[in-house]
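Below: the structure, in structure tokens.
The values are calculated or read from the model by the stated rules, or taken from the named source; none is laboratory data. Just so it is clear, the structure is predicted and the values come from calculations on it, not from any experiment. Using ideal geometry, Cβ is built from the backbone for each residue, glycine included, and neighbour counts are taken over all protein chains shown. Heads up: the accessible areas ignore ligands, DNA and RNA and are worked out on the full protein's heavy atoms, side chains in. Shrake-Rupley method; radii C 1.70, N 1.55, O 1.52, S 1.80 Å.
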Amino acid sequence: MSHLASVPLLAVALLIAAQSPALAAAVKAAKCAQCRDTGRLPCAIHDRASARYQAFCSACPEPACCKGVGWKPCPRCADEATRKRFDAAAALYAKEREGSGFYPYGADFLRTASEHFRFKAAAAPHKECHEYHAAAERAFALFAKVFGEQAVDELKWDEKGHFLILASREQYHKFLDWYYEQHPNANANEKDFLREGSGVRMISDRLQVLIGDPAYGARGERDSLLHRIAHAAGHLAIENHKVHGHTPDWLDEGWAARSEIEALREPQVYCVEYSSPGVGERKPKDWRQIVREAIRAKKAPPLEKLFEMKVGDMHAVEWATALSLVTWLLEQGQPSFVRVVDAIKDGQASKAAVEAALGKDLAAIERAWQRWALFH
Ligand SMILES: [Zn+2]
Ligand SMILES: [Zn+2]
Ligand SMILES: [Zn+2]
């Protein structure tokens, strides 16, 4: 990579970072030793970073410590908004506990919830449910890290990030019947297609439905359901950021895979497996190698073509290229990545958005990404 070319970009990134109030605040020493000026005291038992993190669970008693929220407002310095956020989360979990929770389906399922996601799971072992939101929250952490707290708030996620984990294909078909009855205007042509799949994202409801049976997961991997949850958590976040939709598939899928990596170290899920098998014999975790080989053989998909591609038309190499490109864009710095996504969400084409954010034409961007991909 040319160092000369990267210097002006870095300078722009630093300039923007220096203007950010969050960074300015972080540079100053924390005034409150208790909460480090975050306004939140993490609960030692319900720490979100722990694999056993459990916020709300209908099969567990209500935790007296933090009501399951995972943190408490700092008694010294929490502001009004932080207190309100705590009260709202506690109230939501209380509602779940009564059984008047989030999605009007499967009232007798096991219900769990964390800060950003709700789960209803049929026929899943109780302990396993506690791992679901840990995987989803760790995946979602990438969104919070890249787009910031304000973007998290704008998702109005408290009421919207829903997972329904069904036990079997039969139950999944019953759910689809129920869904189409409830939503007479839903595109009925899709129903037959969806019946063949092993899960579906009902975009209008921010609902992800998955079949929990490992037979429908990523090729016999033991923890494939967790991978599908982490992957889908990424989709739910990026698809609902700013505006509904306006998420080209390369970005949607690349971001979901990045979120899965954030949560579980490597990707196991090709999204197209939700609807059909046969994306290629290569494993998702070999994505870097798939891309390197394609570039060397001059068979990497041109970015201009990738930008217009639907996920259903992607094979292993296009899928891996989408993930590689998103990874590279993130490495160009958080501000420029956010500029790319924001421009796309405002309706710009991917090509124009990437060119404007990086200040180069697509041919130069493609060369820079390829040079990086050959050695990463
Ligand atoms: Zn429990
Ligand atoms: Zn607690
Ligand atoms: Zn996907």
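Just checking: which of the strands (runs of 3 or more DSSP E) contained wholly in the range 61-172 hold 1 or more residues that are within 16 Å of ligand 3 (Cβ to nearest atom)? Quick ask: steps written out before the conclusion?
Values: elements: 71-73, 110-113, 118-121, 162-166.
By residue number, 162-166.
Please name all residue pairs, on different chains or six or more residues apart, with Cβ atoms under 7 Å, provided the first residue is in the range 63-88 and is open to solvent by 70 Å² or more (accessible area, probe 1.4 Å) and the second residue is outside any strand (DSSP E or B) and within 12 Å of ligand 2 (Cβ to nearest atom).
Sorted first by the residue in the range 63-88, then by its partner, the pairs are 67/90; 67/93; 72/43; 72/66; 72/86.
Identify, please: which residue in the range 287-306 is in contact (Cβ under 8 Å) with a residue 24 or more places away in the chain and part of a loop (DSSP other than H, G, I, E, B) and is, among those, surrounded by the most Cβ atoms within 10 Å (Cβ to Cβ)? Please lay out each step first, then the result.
So the first thing to find is which residues in the range 287-306 are in contact (Cβ under 8 Å) with a residue 24 or more places away in the chain, and the list is 287-288, 290-292, 294-296, 300, 302-304, 306.
Filter again for part of a loop (DSSP other than H, G, I, E, B), leaving 300, 302.
Values: 300: 23, 302: 11.
Residue satisfying both the conditions and the ranking: 300.
Open to solvent by 40 Å² or more (accessible area, probe 1.4 Å) and either within 30 Å of residue 89 (Cα to Cα) or in contact (Cβ under 8 Å) with a residue 24 or more places away in the chain (or both), is that true of residue 208? Walk me through how you get there before you give the answer.
Working: open to solvent by 40 Å² or more (accessible area, probe 1.4 Å): no; either within 30 Å of residue 89 (Cα to Cα) or in contact (Cβ under 8 Å) with a residue 24 or more places away in the chain (or both): yes.
No.
Here are some conditions: (1) open to solvent by 70 Å² or more (accessible area, probe 1.4 Å); (2) touching a Phe, Trp or Tyr at 6+ places or on another chain (Cβ under 8 Å); (3) aliphatic (A, V, I, L, M). Residue 123 meets all but one. Which one does it not meet?
Status for residue 123: all satisfied but (2).
Of these, 260, 239, which one is modelled with pLDDT of 95 or more, part of a helix (DSSP H, G or I) and charged (D, E, K, R)? So that I can check it myself, show each step before the final result.
Values: 239 fails: modelled with pLDDT of 95 or more.
The unique qualifying residue is 260.
Table: residues versus (1) under 30 Å from residue 210 (Cα atoms); (2) of a type in the set (A, V, I, L, M, F, W, C); (3) open to solvent by less than 20 Å² (accessible area, probe 1.4 Å); (4) in the same structural domain as residue 134 (by TED's automatic domain parsing).
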{"site": "264", "(1), (2), (3), (4)": "yes, yes, no, yes"}
{"site": "309", "(1), (2), (3), (4)": "yes, yes, no, no"}
{"site": "319", "(1), (2), (3), (4)": "yes, yes, yes, no"}
{"site": "338", "(1), (2), (3), (4)": "yes, yes, no, no"}
{"site": "346", "(1), (2), (3), (4)": "no, no, no, no"}
{"site": "370", "(1), (2), (3), (4)": "no, no, no, no"}
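Among the listed residues 107, 59, identify the single one that is open to solvent by 50 Å² or more (accessible area, probe 1.4 Å) and within 15 Å of ligand 1 (Cβ to nearest atom). First the steps, then the outcome.
On the way: 107 fails: within 15 Å of ligand 1 (Cβ to nearest atom).
Every option except 59 fails the conditions.
Would you check which residues across the range 126-141 are open to solvent by 10 Å² or more (accessible area, probe 1.4 Å) and away from ligand 2 (no atom under 16 Å from the Cβ) and list them?
If the condition is that a residue be open to solvent by 10 Å² or more (accessible area, probe 1.4 Å) and away from ligand 2 (no atom under 16 Å from the Cβ), then 126, 127, 128, 131, 138, 141 are the ones that fit.
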